[in-house]
1. Give the angle, between 0 and 90 degrees and rounded to the nearest 10, that separates the Cα long axis of helix 53-76 from the longest principal axis of the Cα atoms of the chain.
2. Using a cut-off of 13 Å between beta-carbons, work out the net charge of the residues near K54 (Lys and Arg +1, Asp and Glu -1, K54 not included).
3. Mark the label point 7 Å from the Cα of Q93 along Cα→Cβ and return the residues of the stretch 40-60 whose backbone N is within less than 11 Å of it.
4. Tilt of helix 16-34 relative to the longest C-alpha principal axis of the chain, in degrees (0 to 90, nearest 10)?
5. Mind ranking 139-148, 81-90, 65-74 by how tightly packed they are, going by the mean number of other C-beta atoms within 10 angstrom, highest first?
6. Rank L34, H94, V132 by how far each Cα sits towards the positive end of the charge dipole of the chain (+1 on Lys, Arg Cβ; -1 on Asp, Glu Cβ) and give me just the farthest.
7. What do you get for Rg/Rh of the stretch 91-143 when both radii come from the Cα atoms and Rh is the Kirkwood radius?
8. Between the helical axis of 139-161 and the dominant principal axis of the chain, each derived from Cα atoms, what acute angle in degrees is found, rounded to the nearest 10?
Amino acid sequence: MGLTYTQPTDPSLLDPVELSERLASTLREAVPWLVILSNADASIPEREGKWSAKEVIGHLTDSAVNNLGRIVRMQIAHEHMPGYAQESWVRVQHYREREWAEVLALWFALNEHLVWTIRHINPRALPNEATVAGSPITLGFLIEDYIAHMQHHLRNLRPWLHPGEA
């Protein structure tokens, strides 16, 4: 599965409602400071060779698309699922050229759907396993790592976009 952002919790200790609230809280905390960015500011990379804010949120949108499919599929059957070429996904979708409000709206809508989907997972499905990009993982870990991945990118984005704020 590549880089992970958290350590797995015993799936029997996880609660889908709590996981969905963790994701919803992450969204609620980020949206107020993301929406005040101008389209121009969101288009400028932090430094040469790095993604712009639009591309970071685009990457998180791509993560939502890929992980929504995984979350649904892992409730149904054990599967071998591929990873995805993150840099290529961002490049071919031209997030930097899209309006900031559109990029944010797509990211938010997909994640609100993920909040809904996660909230309705049967807790007995959280230990379900699949192989993602060659790594065996549980559904519970996939969800925890998805949230930690988003929090990682948002933490890194905020100081750059709003110097002097935590």
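1. 10
2. So the environment of K54 carries a net charge of -3.
3. Of the residues in the stretch 40-60, 55-60 have backbone N under 11 Å from the label point off Q93.
4. Tilt of helix 16-34: around 0 degrees.
5. Ranking the peptides 139-148, 81-90, 65-74 by packing returns 139-148, 65-74, 81-90.
6. H94
7. Rg divided by Rh gives 1.14.
8. 10
We did not get these values from a lab; they are worked out from the coordinates using the rules stated. As the structure is a prediction and not an experimental result, all values here were calculated from the model. In this analysis, Cβ positions are derived from the backbone assuming ideal geometry, glycine residues included, and neighbour counts consider all displayed protein chains.
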